[in-house]
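Here's the structure we're looking at; comments come further down.
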Amino acid sequence: MRTDPLAYLDTELNSLREQGLFRPLRVLDGEQGAQTSIDHRSVVNLSSNNYLGFTSHPRLRERALSALSALGVGTGSVRTIAGTMQIHMELERRLATFKQTEAAVVFQSGFAANAGTVAALLSRDDVIVSDELNHASIIDGARLSRATIKVFPHRDVAAARAIIAGLPRGQRTLLITDGVFSMDGDLGALPGLCDIADEFGCIMMVDDAHASGVFGSQGRGTVDHFRLHGRVDVQVGTLSKALGALGGYVAGSRSLIEFLYRRARPFLFSTSHPPSVAATCLAAIDVLETEPQWMEQLWDNTRFFKAGLEALGFNTGVSESPITPVIVGESSLAVRLSDRLFEEGVFAQGITFPTVARDRARVRTIVTAAHTQHELQFALDTFKKVGVELGII
Ligand SMILES: Cc1ncc(COP(=O)(O)O)c(C=O)c1O
């Protein structure tokens, strides 16, 4: 009889169950939306990254459909063999213009863009200096690179400087931060970090996954928001969140992009985007440039909802973006809050250790441009009801 070599997985899963951390996947019954049906329950959805409501924007849908008809459902190859279509090149040119850089390269996801880029740029003798709350894809890329990883406390520019000042002169060093931190909604310390990068000659990189389409003129991201053009060598953005489709990109110098074409492993060894995805992304940039109302609505909704949560007495941390955490402390309480909200018609995902520190468990809310004031007010009323019931406020 063969013993099951994967039996340890059940032990791990049971341990999660015992801790109340075994979360079922929530399943959408139809398309993504501000008010949608999830697990057969109609809810106000405060958990997507669909910041601008672009997942169902008619112009994006039309462009996807026409590319599907004209160019087929897939590319059948990686970019470096037979999987580069004109539409991929057009998207990269468009992104470079949008980000005001020489060039851009598109990856299959933001995760692939971060991990593939960090791992390609650095190697064993190099050093990566990284904010402690940087995204998992940066951490994985750093590990893959085999460079020495040095972590500085969240947003602590002085600590980052002290680490870098202690390195040998001429040490190749990557200084890296998220533009917007996905669990707290605060901004990376980009201006201060750029000063350090200038002073010590570091490669400066930002992951603008949650800033793309949200911060900066027409959604150009935090480099534009802080007016740091020309001082950030590697800008990563996603096409998967505010832009409504799927993918990640790196914008920077022509040499950087030519190097990544030849060395970034997800680009070399994983099939390229279906043309409909590239077409959707092109349409998303068109809409960003011609329909400012979505970003305006996103920020109006953000201000309204954040002020509402704060007025109710919730701890919303230090957010500066449409991501607003409701921090409750204990993991079990965050899970209970999320479950009760869901039963009452509001979907706000509970986030627990190890994604956040043990005593900082929370539910995370993200408003979008597609929410109506009525839906947001319903969500606030529900937070009030459940927050009082659970003794949080
Ligand atoms: C900060 C950050 N970077 C990168 C990613 C990865 O982006 P994508 O979903 O496009 O893979 C995410 C999203 O999950 C993120 O939150």
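Among the numbered criteria (1) within 11 Å of the ligand (Cβ to nearest atom); (2) surrounded by fewer than 16 Cβ atoms within 10 Å (Cβ to Cβ), which one does Ala165 miss?
Going through (1) within 11 Å of the ligand (Cβ to nearest atom); (2) surrounded by fewer than 16 Cβ atoms within 10 Å (Cβ to Cβ) one by one, Ala165 breaks only (1).
So, in the stretch 381-393, of the ones that are within 21 Å of Ser37 (Cβ to Cβ) and touching a residue at least 12 places away in the same chain (Cβ under 8 Å), which residue ends up surrounded by the most Cβ atoms within 10 Å (Cβ to Cβ)? Please lay out each step first, then the result.
Step one: list which residues in the stretch 381-393 are within 21 Å of Ser37 (Cβ to Cβ), which gives 381-383, 386.
Restricting the remaining residues to those that are touching a residue at least 12 places away in the same chain (Cβ under 8 Å) gives 382-383, 386.
Working: Thr382: 20, Phe383: 26, Val386: 22.
Among those residues, the one meeting the criterion is Phe383.
Of all residues in the stretch 359-384, which are out of contact with any strand residue (DSSP E or B) (no Cβ under 9 Å at 6 or more places or on another chain) and outside any loop (DSSP other than H, G, I, E, B)?
Here is the first cut: in the stretch 359-384, the residues out of contact with any strand residue (DSSP E or B) (no Cβ under 9 Å at 6 or more places or on another chain) are 369, 373-374, 377, 380-381, 384.
Within the stretch 359-384, Gln373, His374, Gln377, Leu380, Asp381, Lys384 qualify.
For Val326, which of the numbered conditions (1) among the aliphatic types (A, V, I, L, M); (2) under 19 Å from Ser42 (Cβ atoms); (3) not in a helix (DSSP H, G or I) fails to hold?
(2)
Tell me which of these Val180 doesn't satisfy, since it passes every other one: (1) more than 27 Å from Thr324 (Cβ to Cβ); (2) out of contact with any Asp or Glu (no Cβ under 7 Å at 6 or more places or on another chain).
Unmet condition: (1).
Can you give me the number of residues within the stretch 113-153 that are part of a loop (DSSP other than H, G, I, E, B), more than 23 Å from Thr355 (Cβ to Cβ) and in contact with a strand residue (DSSP E or B) (Cβ under 8 Å, 6 or more places away or on another chain)?
Keep residues of the stretch 113-153 that are part of a loop (DSSP other than H, G, I, E, B), which gives 122-126, 132-135, 146-147, 153.
Pick out the ones that are also more than 23 Å from Thr355 (Cβ to Cβ) and you get 122-126, 146-147.
Okay, now just the ones that are also in contact with a strand residue (DSSP E or B) (Cβ under 8 Å, 6 or more places away or on another chain), so 122, 126, 147.
Looking only at that region, the number is 3.
Can you tell me which of Asp224, Asp207, Asp286 is at pLDDT 95 or above and either within 16 Å of the ligand (Cβ to nearest atom) or within 21 Å of Asp140 (Cβ to Cβ) (or both)? Even if it seems obvious, please write down each step before you answer.
Details: Asp224 fails: either within 16 Å of the ligand (Cβ to nearest atom) or within 21 Å of Asp140 (Cβ to Cβ) (or both); Asp286 fails: either within 16 Å of the ligand (Cβ to nearest atom) or within 21 Å of Asp140 (Cβ to Cβ) (or both).
It is Asp207.
Please go through the stretch 209-225 and pick out each residue that is touching a residue at least 24 places away in the same chain (Cβ under 8 Å), part of a loop (DSSP other than H, G, I, E, B) and of a type outside the set (S, T, N, Q).
Ala209, His210, Ala211, Gly213, Val214, Phe215, Arg220, Gly221
Sort out which residues of the stretch 110-132 are surrounded by 20 or more Cβ atoms within 10 Å (Cβ to Cβ) and either among the acidic types (Asp, Glu) or within 14 Å of the ligand (Cβ to nearest atom) (or both), and write them in order of number.
Hits for the stretch 110-132 are Gly110, Phe111, Ala112, Ala113, Asn114, Ala115, Gly116, Thr117, Val118, Ser130, Asp131.
Name, by its number, the condition in (1) more than 20 Å from the chain's Cα centre (by Cα); (2) within 16 Å of the ligand (Cβ to nearest atom) that does not hold for Gly219.
It is condition (1) that Gly219 fails.
With the structure loaded, tell me whether Thr280 is at pLDDT 95 or above, farther than 30 Å from Ala119 by Cβ and buried (at least 24 other Cβ atoms within 10 Å of the Cβ) or whether it fails that test.
Values: at pLDDT 95 or above: yes; farther than 30 Å from Ala119 by Cβ: no; buried (at least 24 other Cβ atoms within 10 Å of the Cβ): yes.
No: the conditions fail for Thr280.
Here is a list: Ala370, Ala348, Ala361. Which entry is free of Cβ contacts under 8 Å to residues at least 40 places away in the same chain and among the small types (Gly, Ala, Ser)? Explain how you work it out, then say what you get.
Working: Ala370 fails: free of Cβ contacts under 8 Å to residues at least 40 places away in the same chain; Ala348 fails: free of Cβ contacts under 8 Å to residues at least 40 places away in the same chain.
Step by step, each of Ala370, Ala348, Ala361 is checked, and only Ala361 is free of Cβ contacts under 8 Å to residues at least 40 places away in the same chain and among the small types (Gly, Ala, Ser).
Any idea which residue in the stretch 168-185 is nearest to Ala136 (Cα to Cα), counting only those that are assigned to a loop (DSSP other than H, G, I, E, B) and away from the ligand (no atom under 12 Å from the Cβ)? Even if it seems obvious, please write down each step before you answer.
Taking the stretch 168-185 first, the residues assigned to a loop (DSSP other than H, G, I, E, B) are 168-172, 179, 181-185.
Cutting the leftovers down to away from the ligand (no atom under 12 Å from the Cβ) gives us 168-172.
Working: Pro168: 28, Arg169: 29, Gly170: 28, Gln171: 25, Arg172: 22 Å.
Here the answer is Arg172.
Would you mind listing the helices (runs of 4 or more DSSP H) fully within the stretch 226-321 where at least 1 residues are within 22 Å of Met85 (Cα to Cα)?
Details: elements: 254-263, 265-269, 275-290, 293-312.
Output list reads 254-263, 265-269, 275-290.
Could you give me the residue pairs with C-beta distances under 8 Å whose first residue belongs to the stretch 95-110 and is touching a residue at least 60 places away in the same chain (Cβ under 8 Å), whose second residue is crowded, with 24+ Cβ neighbours inside 10 Å and of a type in the set (Phe, Trp, Tyr) wherever it lies, and which are 6+ apart or on separate chains?
From the stretch 95-110, the pairs are Leu95/Tyr249; Ala104/Tyr249; Val105/Tyr249; Val105/Phe267; Val106/Tyr249; Phe107/Tyr249; Phe107/Phe267.
Go through the stretch 1-37 residue by residue and tally those that are surrounded by 10 or more Cβ atoms within 10 Å (Cβ to Cβ) and among the aromatic types (Phe, Trp, Tyr).
1
Could you say which residue among Thr368, Thr352 is farther than 19 Å from Ser42 by Cβ, of a type in the set (Ser, Thr, Tyr) and in contact with a Ser or Thr (Cβ under 8 Å, 6 or more places away or on another chain)?
Numbers: Thr368 fails: farther than 19 Å from Ser42 by Cβ.
Only one candidate qualifies: Thr352.
Return the residue satisfying two criteria in turn: it lies in the stretch 235-259 and is surrounded by fewer than 24 Cβ atoms within 10 Å (Cβ to Cβ) and of a type in the set (A, V, I, L, M, F, W, C), and of such residues it is farthest from the ligand (Cβ to nearest atom).
Out of the qualifying residues, it is Phe259.
The values are calculated or read from the model by the stated rules, or taken from the named source; none is laboratory data. This one's a predicted model, so the numbers in the text were calculated from it and none came from an experiment. When we count neighbours, we look across all protein chains shown, and the Cβ atoms used for this are built from the backbone with ideal geometry, even at glycine.
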